[in-house]
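**Student:** My questions will all concern the structure given below.
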Amino acid sequence: MLLGFIAAYLVALPKTKALGIPRTPHCWMCSCSLCSGGFAGARMRYVWENWWLFSHNPDGRRGRWATALANAADFDSGGMVWYGGMMLASGAIMAYAWRTRLPILALGDALAPSVILGLGIGRIGCFVNGCCYGAPTDLPWGVAAPYTLPHGVVCHVHPTQLYESAACWRSSAGLSWLWPRHRCRARWAPPPASPTAAGGSSTKACAATSTR
C-alpha cells in the first residue's frame, strides 16, 4: 500500500506542476490528506461491515465498547475496504481544495491516473496476503486457494487481484494519455494579498526608495 501511495505521488507531480500548484505546501498536504483519509476510511468501512466481530466476544456475548473501539483502531490486525478509503480521501481532498481555492475539477483530472495506479499496486499486496481472491476455477492460471481445505482436497481460484491490477494499470495509462488532450484547463492562481499587506509592502518600498 505504501508503494502505491509513493507511485501515485510521483505520477501526480508533473500534472499538478502543469496546473501551477506548488509542491509545498499544496502537493504535500494533498498527499497527506490522501494517505490519512485513505487509511482511516478503509479501516472504518471494514469495521462498519464487520461490526459484530468487534462488538462481541469469541463466545458470542456482547463485549465492552472500549474493547471494541480499541480493536477497531488496531490496524495491525488487518482488514480494510478500498471503497471506504476512496470516499474519505476524496472528501478530504475536496475540502482542502475548497479551503485553498485549488481548481477541484482540474485537480481531479490530474489525480485520477495516480489513484488508479495506486489501486493496481495495492492489489498486488492483496494477492500476496491471500485476500480478495476469486471463485474456484479449473483454468491453468488458477492459484491455490488461500483458505483451509479438508485433507487431500485441492482447489484453485481465480487470481482476481492480478486481474484488477492489470486493469488498473491499463486504465491509468489510458487516463494519462487522455489527460493532456481532454483535461480541465483551469489553473491555480495564488489568492490576492490582503489590502493591509499590500499597503505595508508599498510603504516599505517607498521608504526604501526615499533613503537612496
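Every read-out reported here was derived from the displayed coordinates using simple, explicitly stated rules and does not represent laboratory data. Because the structure is a prediction, the values reported are computed rather than measured. Cβ placement follows ideal geometry from the backbone for every residue including glycine, while neighbour counts extend to all protein chains displayed.
**Student:** Out of residues 5 or more away from H56 or on other chains, whose amide H comes under 5 Å of its own, with H placed 1.01 Å from N in the peptide plane?
**Tutor:** Amide H to amide H, under 5 Å and 5 or more residues apart or across chains, H56 pairs with G63.
**Student:** Moving on. All other residues with a Cβ under 15 Å from the Cβ of S176 taken together, and with Lys, Arg as +1 and Asp, Glu as -1, what is their net charge?
**Tutor:** Local charge sum for S176: +4.
**Student:** Right, next: Label points 7 Å out from Cα along the Cβ direction at L105 and V157: separation in nm?
**Tutor:** Here the answer is 4.3 nm between the modelled labels.
**Student:** Between beta-carbons, use under 12 Å as the cut-off and find the net charge around L88, counting Lys and Arg +1, Asp and Glu -1.
**Tutor:** Once all neighbours under 12 Å are counted, the net charge is +2.
**Student:** What FRET efficiency would be calculated for the residue pair D59, T148, taking the C-beta separation as r and a Förster radius of 25 Å, to the nearest 0.05?
**Tutor:** 0.70
**Student:** Remind me, relative contact order of the range 2-210 in percent, using alpha carbon pairs under 8 angstrom and six or more residues apart?
**Tutor:** Reported as a whole number, the value is 25 percent.
**Student:** Another question, then. Describe numerically, in nm with one decimal, the distance between label points set 7 Å from Cα along Cα→Cβ at W52 and at A166.
**Tutor:** Computed distance between label sites W52 and A166 equals 3.7 nm.
**Student:** Still on this structure: Round to the nearest 0.05 the FRET efficiency obtained for A66 and S36 when R0 = 30 Å and r is the Cβ-Cβ distance.
**Tutor:** 0.80
**Student:** Can I ask one more? Could you please rank D74, D138, D109, placing first whichever residue has the fewest other Cβ atoms within 10 Å of its Cβ?
**Tutor:** Ranking D74, D138, D109 by Cβ neighbours within 10 Å, fewest first, gives D138, D74, D109.
**Student:** Taking +1 at the Cβ of each Lys and Arg and -1 at the Cβ of each Asp and Glu, which of S90, C155, G38 sits farthest along the dipole of the chain towards its positive end, judged by Cα position relative to the Cα centre?
**Tutor:** Towards the positive end, the residue furthest out is S90.
**Student:** Okay, moving on. Could you work out which residue, out of L162, L139, L13, moves most in a Gaussian network model of the chain, that is, has the largest mean-square fluctuation with Cα springs under 10 Å?
**Tutor:** Answer for the Gaussian network model of the chain: L139.
**Student:** For percent of Cα pairs over 32 Å apart, several values are listed as [x] 40; [y] 28; [z] 15; flag the one computed from this structure.
**Tutor:** [x]
**Student:** A further question on this structure: Under a plain spin-label model, where a point goes 7 Å from the Cα along Cα-to-Cβ, how far apart in nm are W28 and L13?
**Tutor:** For the pair W28/L13, the computed spacing is 1.4 nm.
**Student:** On to the next question. Mind listing which chymotrypsin sites (Phe, Trp or Tyr not before Pro) in the range 90-146 are in a DSSP loop and have 14 or fewer other Cβ atoms within 10 Å?
**Tutor:** Within the range 90-146, the qualifying chymotrypsin sites (Phe, Trp or Tyr not before Pro) (loop, at most 14 other Cβ atoms within 10 Å) are W141.
**Student:** Moving on to the next point. Mind ranking 54-63, 81-90, 21-30, 114-123 by how tightly packed they are, going by the mean number of other C-beta atoms within 10 angstrom, highest first?
**Tutor:** Packing order, densest peptide first, comes out as 114-123, 81-90, 21-30, 54-63.
**Student:** With only Lys, Arg, Asp and Glu charged, each at its Cβ (+1 for the first two, -1 for the last two), find how big the charge dipole of the chain is about the Cα centre; round to the nearest 20 debye.
**Tutor:** 1180
**Student:** While we're on this one: Rounded to the nearest 0.05, what FRET efficiency is calculated for D74 and V128 with R0 set to 22 Å and r the Cβ-Cβ distance?
**Tutor:** In this case the efficiency is close to 0.60.
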